[in-house]
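Structure record follows, encoded as structure tokens.
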């Protein structure tokens, strides 16, 4: 499973649509196998969604995200867990422990959280792209 987290100063970037960097973390059975940081070079929503999809991302964990970009990602089979804040390492650890719904990771002002947590496990991807 590959998890993508937009980053800014070691924390989840507050707005995914304009984030400049993304951390890609490969997990297997809740254990980190590798991580790398990549620039997000595409600014247009459809191209940004394509760039994320090309990285074979399964799940995006982010702060605020526009409905349009979220829809583009989910249409590509990418799960989006939005309205998350905190340090990247704490958020990733909580995701793997299935504790990301803890209020300490809720963005301020988000009273109705639409986040869905999926088990942190490997998924077989198809090469539809």
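What follows draws every value from the coordinates through simple rules; no lab data is involved. No experiment lies behind these values; they were computed from the predicted model shown.
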Inter-part gap, Cα centre of segment 83-100 to Cα centre of segment 1-66, in whole angstrom, is 14 Å
If you average the sequence gap of Cα pairs under 8 Å that are 6 or more apart and divide by the length of segment 1-115, what percent do you get for the contact order?
-> 25 percent
